[in-house]
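Comments concern the structure below.
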Amino acid sequence: MEDFLNLILLRKLRTAWLMRKWLRCMESEFAEEFLETLLKLMSLVFLVNYRDFRRNIEGFNGRYLFKSRDRSITVSAVFRDNRMTVSERLIDNPDITIEFRNGRVLLNYLISPRPDILGSMLRQDVTPRGNLNYLYKFAYMAKRLQLMATGSV
Amino acid sequence: MSSIRLKDIRLTEYSLDNLELIRRLRKSQIGIMPEVCIERARHLTRYLKNMSNDEEPVEIRYAKAVNYFLSNKEPLFFDDNLLAGTTTSKAFGAPVYPEYTGMTIWPELDTISGRKKNPLKLSPEEADELNLEIYPCWMERNIIEYTRKKYNNPECMGLFEKFVFFIAGKAGTISHTIPGYGVALDRGLEFIIEEAASREKQIRDSGDVTGGRKQKAEFYRAVQIAMKGIMAYARNLSKKAAELAGKTDDPFRRQNFLTMSEICAKVPAKPATTFREAVNSLWIIQVGIHAESINMAMSPGRLDQVLYKYYRDGIDSGTLSDREAVEIMSCLWLKLNDNTNLVPETAEELWGGAGTVPAVTVGGVDENGEDAVNELTYIMLRVTELLKLRDPSMNARYHYEKNTREYRDRVAEVIVNTRAVPAFHNDVVDIATLENQGVKTAHARDYGIIGCVEMGIPGRSYDASSSIIFNLVSALELALYNGKRPIVGDERIGPGTGDPEDFGSFEAFWEAFKEQAAWLMGKAIELNEYFGLVHQEIYPTPLLSAFFEGPMEKGKDLIFGGALYNASGVTHIGFADTVDSLNAIEKAVFIDGKCTFAELVRALKTDFRGHEKLRAYLVNRTPKYGTEDPVAVKNSQNLIRFLYDLCQGHTNYRGGRYRPAYWTTTNHAGQGKLSGALPNGRRAHEVFASGITPVSQAARDLAACLRTVGGLDGLCIPMGEALNLKYPSVSDDEDLRKFASAVEAYFRSGGLHVQFNIMSYETLLDARNNPDKYPELLVRVSGYSAYFNDLNDAMKEEIITRTEYDIRTGRANPFPATHKSMLPYEEGGDGWKIS
């Protein structure tokens with residue numbers, strides 16, 4: 001069934017396209033679409049049955065809220081029943097809320113090869129509120145996606 | 001000690017040339033890449049997830065988890081070390097403690113092996129296990145997140161997580177203390193179990209097993225369970241050693257395995273009777289303690305006293321030679337280096353390079369106040385001199401009225417030969433300081449060093465000496481900016497204490513500073529208390545408690561205040577920079593009228609851009625801590641007294657007082673990099689001075705420096721201080737005599753501690769530029785030793801720029817002209833000029 005859906009919905013093609021887009025996004029100066037692309041890509045990769053990656057959310061319940069400082073971006077990601085749901089709206093009781101100044105600083109915070117996490121927090125480029133272990137897990141998954149996108153794993 | 005039997009206290013007949021085994025073991029251990037070890041995390045997770053009973057009392061539940069781990073811990077023998085037992089399942093391992101900060105490496109699991117600073121090997125399979133099996137179970141149960149939830153994410157947690165105000169040590173460790181090994185070595189763990197069982201039975205037989213008595217019974221039960229875990233591990237080591245003996249054709253190895261098998265079949269369950277048994281028993285117990293408590297600054301203490309009777313019996317009966325004692329102690333030193341701590345990359349960049357700092361203390365006086373230096377003291381000094389290892393953190397106590405000059409000079413010689421270790425501690429002041437804290441004289445005389453420089457009473461005091469790392473410069477900036485700290489934005493954080501331009505006197509500013517410091521200290525202590533209460537609730541320490549006087553008698557875990565003495569340590573970062581800034585404000589604004597307070601603050605906000613003349617004045621003409629300028633002396637003494645009163649005014653959750661200290665590990669470098677410009681002319685993002693040491697290059701005269709630091713009231717520094725000094729070389733006997741005499745003069749003036757780097761500016765610059773040339777360069781940081789190459793750039797810079805004194809003249813040497821840009825200012829004629 002999963003394979004059938006992948007075929008019908010061209011998920012693998014879309015995943016490959018999104019991965020390329022995401023890599024381009026990371027290389028761009030502003031990286032404004034970084035978060036949106038990352039979340040789309042992440043949810044798609046979970047669906048495409050990359051078994052190793054899907055294992056990350058098996059049995060995992062987590063509610064994430066991402067907000068840009070200027071309120072132009074509000075995105076939530078909810079992990080439940082082995083699925084990831086992304087929506088552009090506020091959610092109740094997030095396990096962690098991550099407020100960020102712009103896409104570039106969020107990228108730097110999460111997956112830069114030379115992350116400046118402390119600098120980001122001190123400058124309040126990124127302000128996490130809530131259980132940091134959820135953030136660590138998310139950062140791990142984002143990093144893993146990056147390594148998959150660049151063919152490193 | 002009435003007489004030393006050794007013909008040569010330097011023990012020069014033993015060297016790495018003729019100690020072939022030790023040379024080989026050392027070679028195989030130095031330079032080995034550390035690996036992440038998930039063994040403990042795996043077993044604890046498995047037990048708590050699948051086998052534990054949530055209804056059980058937490059004390060018993062946790063003891064069972066530790067027992068399960070120790071019973072299943074793999075008995076491993078990586079090399080020909082004479083001692084059995086390993087901290088981790090790797091030859092050089094960094095254990096994961098998910099209940100503390102072990103989850104902070106989660107984002108790095110795929111990249112940690114290749115990261116730039118201090119990489120750690122981690123196989124993809126073990127990374128997967130951490131990611132999928134282990135970490136998910138601890139999402140809500142590590143100390144930080146449990147505390148956050150329980151106390152509704154308090155404001156003090158937010159301050160801690162901004163890193164630049166204070167660091168709450170209990171998030172990552174509570175372990176800074178010195179267990180007492182005496183009972184375990186002399187009578188064996190079976191004795192401890194019997195005692196706990198008997199006390200438990202007494203309660204249960206009384207028919208009243210309710211409330212506090214129930215809790216006591218549970219504690220005694222937990223002690224038995226935990227002790228049995230250590231014994232199970234020893235039995236497994238014994239079996240494995242016997243098995244390996246049968247598999248090797250090498251006669252030395254076979255015999256070594258057979259001996260270890262016999263030893264582990266006996267100790268630590270039963271009393272040790274030989275020196276080797278005692279040392280191996282102690283080591284297995286240390287491994288056991290790390291099954292429960294994190295591997296950070298769990299310090300073995302006064303080993304020359306603890307082990308002496310076994311040594312003496314062996315020597316007297318002819319069953320032990322000094323050579324064998326040197327070999328066995330060398331093996332213990334190497335074992336203490338078999339583990340390191342697990343640190344995420346960001347923390348490495350700011351605070352990297354520290355070992356696990358198990359401190360060993362030698363020398364000083366005994367409980368009767370008499371010279372305690374013995375043959376083992378010299379053997380341990382020789383081993384330290386030969387091996388030149390990062391750990392153990394070696395500390396030599398010196399009582400200038402009781403210890404011999406021979407001993408003092410020998411310690412100085414070892415420092416010169418290792419270039420860094422041991423550190424010197426002043427028995428006279430240290431003992432008086434502890435007595436002032438209510439410690440009985442006999443117990444105070446038995447003090448040992450914890451981790452860096454903190455004083456604890458082995459097996460009697462639970463010190464948690466790293467509870468709070470308090471950034472003094474934060475309080476200073478909050479006072480300068482009316483409750484704000486620019487590096488974290490425009491939000492008001494501290495109380496409004498007024499705009500500096502409104503202060504009519506230095507005293508008014510001093511009051512504002514004190515108000516901010518008191519407010520911030522209150523927040524740091526509030527969080528420490530929360531963490532302490534959470535430890536009581538979810539991670540008690542029955543295993544560790546068994547090695548202390550008090551818990552067994554009271555039926556109370558250490559974490560509930562079971563120890564004879566209780567304290568929490570608060571160490572301060574940026575002491576010298578804060579004092580010099582207070583001096584500069586007093587002189588520039590209120591004495592010389594060189595600028596208004598508002599002008600000074602404007603200059604600070606721009607990092608002195610456009611205010612170079614003012615900066616030159618601040619650097620050149622304001623008093624410096626470490627000189628005998630009366631303003632500097634007054635401000636340093638006032639600050640020490642104020643912080644002492646502030647800390648001592650708080651009582652911790654175990655009923656002990658907070659005790660101030662001045663050691664900084666690498667925090668002075670990291671926090672300096674995160675701080676703005678200061679009134680003493682220090683530019684933004686420059687490192688702070690270390691420990692209680694004057695700002696680099698500020699104190700040009702060594703004698704004056706030692707008098708002023710020694711002149712600080714030692715009674716107000718009950719958790720220790722770190723004074724870091726640097727000589728380029730100590731070339732001959734005359735130099736060595738001067739070196740040792742300077743230490744003694746400093747101690748007689750009241751100093752608690754001093755440590756040295758015997759290396760020149762040029763050597764350190766060369767080491768920074770050519771790391772491959774200096775793979776084993778050992779340096780003293782601020783209370784502990786590190787390999788220079790492991791340190792981050794900021795810390796290297798701080799060590800390089802520390803004032804270097806000429807041993808013969810006592811004057812500061814000029815900094816190399818080619819690198820003067822590293823300095824905030826340089827020497828010029830009578831005063832200073834901007835570089």
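A short reminder: the numbers here are calculations on the coordinates, not readings from a lab. On a predicted model such as this, the values are computed, not experimentally measured, just so you know. Counting neighbours? That spans all protein chains shown, and the Cβs are built from the backbone with ideal geometry, glycine included.
For the protein assembly as shown, what does -39500 (n - 2.57) per DSSP helix run (n ≥ 4), summed and divided by total residues, give at 222 nm, in deg cm²/dmol to the nearest 500?
Values: 39 runs with 446 residues, N = 988.
Helices in the protein assembly as shown give a 222 nm mean residue ellipticity of -14000 deg cm²/dmol.
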Next item on the list: Could you please state, rounded to a whole Å, how far the C-alpha centre of the range B:206-242 is from the C-alpha centre of the range B:300-374?
Entry: 27
Note to self: Can you give me the distance in nm between label points at B:ARG204 and B:ARG312, each placed 7 Å from the Cα along the Cα-to-Cβ direction?
What the structure shows: 4.1
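With 10 angstrom as the radius, rank B:ILE289, B:ILE692 by how many other C-beta atoms surround their C-beta, starting from the fewest. Each step should come with its number before you reach the end.
Working: B:ILE289 24, B:ILE692 31.
Least to most surrounded, the residues fall as B:ILE289, B:ILE692.
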Checklist line | Calculated from backbone phi, Karplus (6.51, -1.76, 1.60) coupling profile of the range B:141-148 in Hz, x at Gly/Pro | finding: 10, 8, 4, 5, 6, 5, 5, 4
Note to self: From the phi angles alone, apply the Karplus equation (6.51, -1.76, 1.60; θ = phi - 60°) to the range B:49-63 and give each ³J(HN,Hα) in whole Hz, x where the residue is Gly or Pro.
What the structure shows: 7, 10, 10, 8, 10, 4, 7, 5, x, 4, 4, 6, 4, 6, 4
Margin query: Which residue, B:PHE78, B:ALA41, A:SER76, has the largest displacement toward the positive end of the dipole of the protein assembly as shown when charges sit on each Cβ (Lys, Arg +1; Asp, Glu -1)?
Written below: A:SER76
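So, counting K/R as plus one and D/E as minus one, what does the shell of residues with Cβ under 10 Å around B:ALA598 add up to?
Numbers: positive: B:ARG602; negative: B:ASP499, B:GLU501, B:ASP502, B:GLU599.
Here the count lands on -3.
Output the relative contact order of the range B:279-395, whole-number percent, from Cα pairs under 8 angstrom with separation of 6+ residues.
Working: 122 pairs, mean separation 41.8, N = 117.
Rounded, it is 36 percent for the range B:279-395.
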Item checked: Principal-axis tilt of helix B:20-29 within chain B, Cα atoms, nearest 10 degrees -> 60
Notebook entry, point to check: What's the angle, to the nearest 10 degrees (0 to 90), between helix B:251-266's Cα axis and the longest principal axis of chain B?
Noted result: 90
Notebook entry, point to check: For chain A, which span is the longest to avoid every loop-located (per DSSP) member of trypsin sites (Lys or Arg not before Pro) having at most 15 other Cβ atoms inside 10 Å?
Noted result: A:1-68
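If I take R0 = 25 Å and measure r between the Cβ atoms of B:LYS149 and B:LYS49 in this structure, what FRET efficiency does the formula 1/(1 + (r/R0)^6) give, to the nearest 0.05? Walk me through the intermediate numbers first.
Values: r = 20 Å, r/R0 = 0.79.
Plugging the Cβ-Cβ distance into 1/(1 + (r/R0)^6) gives 0.80.
Based on Cβ point charges of +1 for Lys and Arg and -1 for Asp and Glu, what charge dipole magnitude is obtained for the range B:142-181 about its Cα centre, in debye rounded to the nearest 20?
Values: 5 positive and 3 negative charges, 17 e Å.
Roughly 80 debye for the range B:142-181.
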Item checked: Contour minus Cα-Cα distance for B:GLU367 and B:SER505 (0.36 nm per residue) -> 44.7 nm
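If neighbour count is taken as other Cβ atoms inside 10 Å, put B:ILE230, B:ILE134, B:ILE4 in order from fewest to most. Walk me through the intermediate numbers first.
Working: B:ILE230 29, B:ILE134 22, B:ILE4 16.
The order, fewest Cβ neighbours first, is B:ILE4, B:ILE134, B:ILE230.
Efficiency by 1/(1 + (r/R0)^6): what FRET value for B:LEU21 and B:ALA242, r their Cβ-Cβ distance, R0 = 22 Å, to the nearest 0.05?
Values: r = 21 Å, r/R0 = 0.96.
The formula returns an efficiency of 0.55 here.
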Next item on the list: Could you pull out every residue, at least 5 positions away or on a different chain, whose amide H is within less than 5 Å of the one on B:ARG659? Hs are placed 1.01 Å off N in the peptide plane, and Pro or chain starts have none.
Entry: B:SER568, B:GLY569, B:VAL570
Next item on the list: Using only Cα atoms, tell me the angle between helix B:630-648 and the longest principal axis of chain B; keep it within 0 to 90° and round to the nearest 10.
Entry: 40
Check: How far is it, in nm, from the label point at B:ARG405 to the one at A:GLU58 when both lie 7 Å from their Cα along the line to the Cβ?
Finding: 7.5
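Please state the charge dipole magnitude for chain B, taken about the Cα centre, from unit charges on C-beta atoms (+1 on K and R, -1 on D and E), reported in debye and rounded to the nearest 20.
Values: 99 positive and 113 negative charges, 81 e Å.
Roughly 400 debye for chain B.
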Margin query: Please list, ordered by chain and number, the residues whose modelled amide H lies under 5 Å from the amide H of B:ALA423; skip anything fewer than 5 residues away on the same chain.
Written below: B:MET394, B:ASN395, B:ALA396
Notebook entry, point to check: Taking amide H positions as placed 1.01 Å from N in the peptide plane, with prolines and chain starts having none, which residues 5 or more places from B:THR664, or on another chain, fall under 5 Å of its amide H?
Noted result: B:GLY691
Next item on the list: For the range B:66-76, take each phi angle, set θ = phi - 60°, evaluate the Karplus expression 6.51 cos²θ - 1.76 cosθ + 1.60, and give the result in whole Hz per residue in order, putting x for glycine and proline.
Entry: 5, 4, 4, 4, 5, 5, 9, 5, 5, x, 10
Margin query: As I understand it, the dipole of the range A:2-149 uses +1 on the Cβ of Lys and Arg and -1 on the Cβ of Asp and Glu, about the Cα centre. Which of A:SER112, A:THR127, A:PHE4 lies farthest toward its positive end?
Written below: A:PHE4
Check: What size of dipole, in debye to the nearest 20, comes out for the range A:2-149 about its Cα centre when the only charges are +1 on Lys and Arg C-beta atoms and -1 on Asp and Glu C-beta atoms?
Finding: 180
Notebook entry, point to check: To the nearest 0.05, what FRET efficiency results for B:SER821 and B:GLU599 with a Förster distance of 30 Å applied to their C-beta separation?
Noted result: 0.65
Margin query: What distance in nm separates the two pseudo spin-label positions at B:LYS554 and B:ASP772, each 7 Å out from Cα along the beta-carbon direction?
Written below: 5.7
Note to self: My understanding is that a pair violates if its Cα-Cα distance is over 27 Å; which of B:LYS440/B:LYS738; B:LYS49/B:LYS149; B:LYS121/B:LYS820; A:LYS143/B:LYS796; B:LYS150/B:LYS554 do that in this structure?
What the structure shows: B:LYS440/B:LYS738; B:LYS121/B:LYS820; A:LYS143/B:LYS796; B:LYS150/B:LYS554
Check: Okay, which of the range B:82-106 sit inside 20 Å, backbone N to the point 7 Å along the Cα-Cβ direction of B:GLU140?
Finding: B:98-104
